[in-house]
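The values are calculated or read from the model by the stated rules, or taken from the named source; none is laboratory data. It should be emphasised that the depicted structure is a prediction, and the values quoted were computed from it without experimental measurement. Neighbour counts run over all protein chains shown; Cβ positions are idealised from the backbone, glycine included.
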Amino acid sequence: MPILIAIAVVAMAIVFIYNGLVRLRVQCENAWADIDVQLKRRYDLIPNLVETVKGYASHEKDTLEGVISARNKAMSAQGPHAKGEAEGMLAGALRQLFALAEAYPQLRAVESFTQLQGSLQQIEEALQNARRYYNAVVRDFNTRIHQIPSNFVASLGSFKEREFFEITAAAEREAPRVSFTSKVS
């Protein structure tokens, strides 16, 4: 009888650990989906931003094409590592676009441009929060699959480590700085 109780306790512990790992895996997937939503919002905003700038700085074709190219690469990137690299390139291209916009005071005065700028800033904040949450859940999941006794259940259940969502280049770790207020002299 004590052996049956011990077996039942071990079986319940395995089920408990397995269910905890499944919960964390689902949280990782949900957190990644939240990042995808914010990235899609950003990707959808970029063509409008480029078109607005194009109306005032059409001769800056290379910069505008660079932003669209970086956006397309970011949209097609798969997985946290590739997405992080592509997002870094996109952040750099957006910085160039904003630097370009600084050179055109008439562009900064356009209401649609300032609305797009405000929307992008909101999206960047939401994206940063989504990244933090995703990386926290991935940290918890990865820690759990390496801890004893969870590591035994994780290996039996084919739970694999998740990648963190990191932007690789140090200069690209910062969100694009958006400031279109004109300086008063």
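Every residue, every condition in (1) surrounded by 14 or more Cβ atoms within 10 Å (Cβ to Cβ); (2) farther than 20 Å from GLN115 by Cβ; (3) β-branched (Val, Ile, Thr), yes or no:
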| position | (1), (2), (3) |
| --- | --- |
| LYS40 | no, no, no |
| VAL50 | yes, no, yes |
| GLU65 | no, yes, no |
| ALA70 | yes, yes, no |
| SER76 | no, yes, no |
| LYS83 | yes, yes, no |
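Of everything in segment 153-185, what is surrounded by fewer than 12 Cβ atoms within 10 Å (Cβ to Cβ), part of a helix (DSSP H, G or I) and at pLDDT 90 or above? Give them in sequence order.
Once the filter is applied, which keeps residues that are surrounded by fewer than 12 Cβ atoms within 10 Å (Cβ to Cβ), part of a helix (DSSP H, G or I) and at pLDDT 90 or above, segment 153-185 yields SER155, LEU156.
Does ALA101 count as over 19 Å from LYS54 (Cβ atoms), of a type in the set (A, V, I, L, M, F, W, C) and assigned to a helix (DSSP H, G or I)? Before you say what the answer is, go through the steps one by one.
Working: over 19 Å from LYS54 (Cβ atoms): no; of a type in the set (A, V, I, L, M, F, W, C): yes; assigned to a helix (DSSP H, G or I): yes.
Here the answer is no, as ALA101 does not meet what is asked.
Please verify whether SER69 is among the hydroxyl-bearing types (Ser, Thr, Tyr), over 29 Å from THR143 (Cβ atoms) and at pLDDT 90 or above, treating the condition exactly as stated. Please lay out each step first, then the result.
On the way: among the hydroxyl-bearing types (Ser, Thr, Tyr): yes; over 29 Å from THR143 (Cβ atoms): yes; at pLDDT 90 or above: yes.
Answer is yes for this residue.
Mind checking which pairs have a first residue in segment 143-164 that is without any contact (Cβ under 8 Å) to a residue 12 or more places away in the chain and a second that is surrounded by 11 or more Cβ atoms within 10 Å (Cβ to Cβ) and assigned to a helix (DSSP H, G or I), Cβ under 7 Å, 6 or more apart or different chains?
Going by the 7 Å Cβ cut-off, the qualifying pairs are ASN151/ILE145.
Six or more apart or on different chains, Cβ under 7 Å: which pairs go from a residue in segment 15-28 that's within 21 Å of TYR134 (Cα to Cα) and part of a helix (DSSP H, G or I) to one that's at pLDDT 95 or above and among the acidic types (Asp, Glu)? Could you list them?
LEU24/ASP140
Hey, could you check segment 131-152 for residues that are touching a helix residue (DSSP H, G or I) at 6+ places or on another chain (Cβ under 7 Å) and of a type in the set (Ser, Thr, Tyr) and say which is modelled with the lowest pLDDT? Full working, then the answer.
Keep residues of segment 131-152 that are touching a helix residue (DSSP H, G or I) at 6+ places or on another chain (Cβ under 7 Å), which gives 131, 133-134, 137-138, 140-141, 144-145, 149-151.
Next, only the ones that are of a type in the set (Ser, Thr, Tyr) stay: 133-134, 150.
On the way: TYR133: 97, TYR134: 97, SER150: 94.
This residue is SER150.
Taking the options GLN128, GLN121, GLN115, name whichever one is at pLDDT 80 or above, within 15 Å of the chain's Cα centre (by Cα) and under 21 Å from GLU51 (Cβ atoms).
On the way: GLN128 fails: under 21 Å from GLU51 (Cβ atoms); GLN115 fails: within 15 Å of the chain's Cα centre (by Cα).
Sole residue among the options that is at pLDDT 80 or above, within 15 Å of the chain's Cα centre (by Cα) and under 21 Å from GLU51 (Cβ atoms): GLN121.
Tell me, yes or no, whether segment 68-77 has at least one residue that is in a helix (DSSP H, G or I), touching a Leu at 6+ places or on another chain (Cβ under 9 Å) and β-branched (Val, Ile, Thr).
Let us first name the residues in segment 68-77 that are in a helix (DSSP H, G or I), namely 68-76.
Applying the additional criterion that residues be touching a Leu at 6+ places or on another chain (Cβ under 9 Å) yields 70-71, 73-75.
Going one step further and asking which of them are β-branched (Val, Ile, Thr), we end up with none.
No: zero hits.
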